[in-house]
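To start, the structure under review is shown below, and the notes come after it.
The values are calculated or read from the model by the stated rules, or taken from the named source; none is laboratory data. Just so we're clear, the structure is a prediction, and the values are computed from it rather than from any experiment. Here Cβ is always computed from backbone atoms with ideal geometry, including for glycine, and neighbour counts include all displayed protein chains. Surface accessibility is based on the protein's heavy atoms, side chains included, excluding ligands, DNA and RNA. Shrake-Rupley method; radii C 1.70, N 1.55, O 1.52, S 1.80 Å.
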Amino acid sequence: MAPRNKYTREEMIEGAVRVVRKKGIDALTAKALAGELGVSTQPVFTCFHTIEEAKREVCTAAERVYDCYVEDGLRMEVPFLGVGMQYIHFAKEEPQLYRLLFLASNEGGSSSAMDAMHHTQNLVRESLQQTYHIDAQTADRYYRDMWLVVHSLATLVVTGGCPYSEEEMGHILTGFSVSLCKSIKEIPGFVENKYDRDAIFRELVEKSMPE
C-alpha cells in the first residue's frame, strides 16, 4: 500500500499559491512545491498528474482571491468606483496573482486579461444596471471602457511605474466615469457606435469658443 499523503489536495494547492505569490507562476515546479511543503516530489505528482494541472488550480485559486476584492468593491458607496479601486489594490497587494490573471497569455495564445475582464463584467453587470439605471448592453459598454482605464493604472502599479497617488487615481476614474455616463445618457447611438463623431466634436469645440 502506498504511503498516505500528509497533505490534502487543498493544502497542496495552498502551497502552490504561496510559491506563485513569492516568485510568479513560472517558478512553480514540482521541486519548488515540494520544497515549500517540506516533502519529496513524489507527493506532488501523487496529487497532480502534471505541474500544468497544479498551475490551473493556482489560477482558479487566484480568481477566488480576486473575486473577494471585487465583492468588497461592490459593497462600497459607489460600487463601480469601489470595484475599480479594489482592482488597483489587488495589483498592489497581490502583484504575482495579478500578473497571472491579467498579464499572462493563456494556452493557445488568447489573452488572460480579456478573459478576466469578461469574468468581472459578469460580476458587476447587475450592480451597474441598478446604480446608473441602464440596460445590460449599456452596462457592458460602460464597464469595458472603464476597465481599460482601470487596467492601465493597475498595470502601471504592478510594474512599478505608476506616478499617481491613490487619491489621484480615484479622481481619474471619477472623471472618466462622469464622461462616459454623460455620453451614454446624452448622445443617441453612443453605445452602439452609431453617432456622428464629427458633429459631436464640432459642437463641443464651438461651446468652448469665446463669444
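Odds and ends about this structure:
- Filter pass, Ala34 being touching a Ser or Thr at 6+ places or on another chain (Cβ under 7 Å) and either in a helix (DSSP H, G or I) or touching a residue at least 60 places away in the same chain (Cβ under 8 Å) (or both): yes
- Qualifying residue in region 131-140 (condition: farther than 22 Å from Leu97 by Cα, free of Cβ contacts under 8 Å to residues at least 24 places away in the same chain and open to solvent by less than 30 Å² (accessible area, probe 1.4 Å)): yes
- Selection status of Arg21, part of a helix (DSSP H, G or I), touching a residue at least 40 places away in the same chain (Cβ under 8 Å) and under 19 Å from Ala116 (Cβ atoms): yes
- Of all residues in region 85-99, exactly one satisfies the criterion of being surrounded by 18 or more Cβ atoms within 10 Å (Cβ to Cβ), assigned to a helix (DSSP H, G or I) and of a type in the set (D, E, K, R), namely Arg99.
- Lone unmet requirement of (1) at pLDDT 95 or above; (2) of a type in the set (Val, Ile, Thr); (3) not in a helix (DSSP H, G or I) for Val39: (1)
- Of the helices (runs of 4 or more DSSP H) lying entirely inside region 112-187, those containing at least 2 residues that are within 12 Å of the chain's Cα centre (by Cα) and at negative phi span 112-132, 136-158.
- When each of Ala61, Ala32, Ala16 is tested for being modelled with pLDDT of 95 or more, more than 21 Å from the chain's Cα centre (by Cα) and closer than 30 Å to Leu156 by Cα, the lone residue that passes is Ala32.
- If you go through region 1-57 and keep only what is among the aromatic types (Phe, Trp, Tyr) and more than 20 Å from Leu97 (Cβ to Cβ), you end up with Tyr7, Phe45.
- For region 106-124, the condition of being in contact with a strand residue (DSSP E or B) (Cβ under 8 Å, 6 or more places away or on another chain), surrounded by 14 or more Cβ atoms within 10 Å (Cβ to Cβ) and under 30 Å from Asp26 (Cβ atoms) holds for at least one residue.
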